[in-house]
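Enquirer: I'd like to ask some things about the structure below.
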Amino acid sequence: MAAGVRTARAPGKINLGLRVLRRRPDGYHDLDTVFYPIAWADTLQVQAAARLVLRCDAPGIPVDETNLVMRAARALAQETSTQRGADIELIKHLPAGAGLGGGSSDAAATLRLLADLWQTRTPKTVLQRLALAMGSDVPFFLNSKPARASGRGEVLELMAGYVMPFALVVVVPRLHVSTAWAFSKVKPRASHGSSLCAAVVSNDLGRWRRELVNDFEGPVMAALPEIRTRKEALMTLGAGFASLTGTGSAVYGMFEDVRHARAAAAEAQEAGCIVYMELGATPQV
């Protein structure tokens, strides 16, 4: 690694339950969800340069101002009035448009890395404000710890000490779901229902099946039945719980038996999906 290079992992997340409660006057929606970080991650590297430049190893990922990485870098530079630049390299592993939060996590990692590189001494509250301006789930990725999220997704209640004991298989069909389209199709439900946190920490997969509902599953799976097929395959092959994450297209399954998890992962790979698996315990972020 070159001298002066700073590196950070930008982990993905899954949603354990996702309730859309109401549409807000500002055009956003009030949500209730649990964000859980996973070890599947992009990598960012930054080093000092005369100007801001973004490079990415993945074809089709923009490296201009439409990329959240560049937007985050510009926002921090403007906030701190720095004239310094940076050479930013983004190494993609998380698939785009899958509901895993890759772009948001990349933006959060950029804020952290450049605040360090430029020695801005930016207060955490300012980084959180800049993160929220990038997207509703970007503040979560500043810390990437299991948390209940409400409001737009930015009001975080950390779930200190929570450990998910199950083997996790994430399956990404080669489909793209537009977040804007998904929100246009979902029907908000004002009732808060039971506590998502209480359900999650129970580690009772039967309770998860009853209570951890993703409100986007209905419209997304109706429009793209391959996603429903992938979820059903996870359940058939032994998952105790399976769900869409975010607005999709990724689905995931929780397995109490690692052998079943491996079999489900192999089946999804044979079906042409992108697959990720981790074997439980504390997320490695």
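Enquirer: Please work out whether the range 167-278 counts as rounded, prolate or oblate from its C-alpha gyration tensor, where a ≥ b ≥ c are the square roots of the eigenvalues and a/c under 1.5 means rounded, while otherwise a/b larger than b/c means prolate and anything else oblate? Display every interim value, and only then the final one.
Expert: Numbers: a/c = 2.40, a/b = 1.13, b/c = 2.13.
Note, shape of the range 167-278 comes out oblate.
Enquirer: Read phi for every residue in the range 114-119 and hand back ³J(HN,Hα) as whole Hz from Karplus 6.51 cos²θ - 1.76 cosθ + 1.60, θ = phi - 60°, with x for Gly and Pro.
Expert: For the range 114-119, the Karplus-derived couplings read 6, 4, 6, 4, 8, 6 Hz, x marking Gly and Pro.
Enquirer: Once phi is turned into ³J(HN,Hα) by the Karplus curve 6.51 cos²θ - 1.76 cosθ + 1.60 with θ = phi - 60°, what whole-Hz value does each residue of the range 169-180 show in order, with x for glycine and proline?
Expert: 10, 9, 10, 10, x, 7, 10, 10, 10, 6, 4, 4
Enquirer: Enter the mean projected area of the convex hull around the alpha-carbon atoms of the chain, in nm², rounded to one decimal. Display every interim value, and only then the final one.
Expert: On the way: hull surface 59.8 nm².
Mean projected area for the chain: 15.0 nm², to one decimal.
Enquirer: Right, next: Could you calculate, for the range 6-158, the ratio of the Cα radius of gyration to the Kirkwood radius, expressed as Rg to Rh?
Expert: On the way: Rg = 15.1 Å, Rh = 15.6 Å.
Rounded to two decimals, Rg/Rh equals 0.97.
Enquirer: How far apart, in nm, are two points set 7 Å out from the Cα along the Cα-to-Cβ line at Tyr28 and at Ser195?
Expert: Label at Tyr28, label at Ser195, 2.5 nm between them.
Enquirer: Looking at the chain, what % of its DSSP beta bridges pair antiparallel, to the nearest 5?
Expert: Numbers: 42 of 48 bridges.
About 90 percent, rounded to the nearest 5.
Enquirer: Can I ask one more? Pull up all non-local amide H partners of Met159: gap of 5 or more, or a different chain, and H-to-H distance under 5 Å with H placed in the peptide plane.
Expert: Ala147, Arg148
No lab work stands behind these numbers, since they all come straight from the coordinates. Not measured: the values here are computed from a predicted model. Please note: Cβ atoms are built from the backbone with ideal geometry, for glycine as well, and neighbour counts cover all protein chains shown.
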